[in-house]
Amino acid sequence: MDIDDTLDDTAWAWTEPADHDRGISARAFRVQTTGARHADALLMWPQGPGAAAPLPVVLVQHGGSSHKGGQDVRDLADVFVRRHGMALVAMDGPVHGGRRDPALALDERLRIRDQFLALWRDSDDHVRDMTQDWHAVIGALRALPDCDASRMAWVGLSMGTAYGLPLLASGLGLCAAVIGMWGLSYPNSQRLAADAAQVNCPVLFQQKWDDELFDRPGQLAVFDALATVDKCLCIYPGGHTAVQGEQMRDLERFVVERLARPG
């Protein structure tokens, strides 16, 4: 199966040629959202004819210093696409990747993160925009026969939680979500408590014990606010660093088990 050959051109606009590397096919695309807005995203799927469609889908929001093709997304693709034969889609954040300030190089990670955090502290409009953009991307995926609309999971830590909670609260009917590494005590984040109270899918919440950006009480407050009764809190040593080791293994196991249960 090759998703690249089955996409509906009326729903998608490819923005780059397909890339095939070490068992993973990837291609950037653009979806119209509302008005003149568009969402820039990256679709990844198992390379070659081996995977049986329709594929479960992992929806990934990258971290604040990354982008849709960043290392954090590639690490997750190694797990879910290469190892488990799933599809994965990642979308650029509000000042990231294809939406970034042209004056910023793609790899200026700390400057990009600081630009995002400043935007988060100063405004709310981008939250609505990101939710609408994700709805457009998910709607396009659900129209694709090779993607299983009944088996979708959200993976979004840090910035992926800041945007993931409003999205999950909008009633997508996802099978599971992995969130964490963001807290209600961070400026302009108290609004997320109301979103958390609308989240009913199974949740794995991951927290770094010595996170230098988000304090422990604020992160625990997010977990406490989640409405779902099926929620698990896992705490890992270290600061606000990349997902790896035990944290990645827990994330992998949770998502794979949930997506193995259709509907």
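Annotations
- Residue-averaged 222 nm ellipticity for the chain, from DSSP H runs of 4+ at -39500 (n - 2.57), nearest 500: -9500 deg cm²/dmol
- Positive-end residue of Gln247, Leu117, Leu204, charge dipole of the chain with Cβ unit charges: Leu204
- Bridge orientation summary for the chain: considering DSSP beta bridges with both residues in this region, about 45 percent are antiparallel.
- Relative to the longest principal axis of the Cα atoms of the chain, the long axis of helix 109-122 lies at roughly 60 degrees.
- Rounded to 10°, Cα long-axis angle of helix 216-225 versus longest principal axis of the chain: 60 degrees
- Under a Gaussian network description of the chain, with springs only between Cα atoms under 10 Å, the residue in His67, His135, His96 that fluctuates furthest is His135.
- Charge tally for Lys231 (other residues, Cβ to Cβ under 13 Å; Lys, Arg +1; Asp, Glu -1): -1.
- Each residue of the range 3-259 gets 118 Å³ once the volume of the Cα convex hull is shared out per residue.
Read-outs throughout are calculated quantities, based only on the coordinates presented, and are distinct from any laboratory measurement. Just so we're clear, the structure is a prediction, and the values are computed from it rather than from any experiment. Virtual Cβ from ideal backbone geometry, glycine too; neighbours counted across all protein chains shown.
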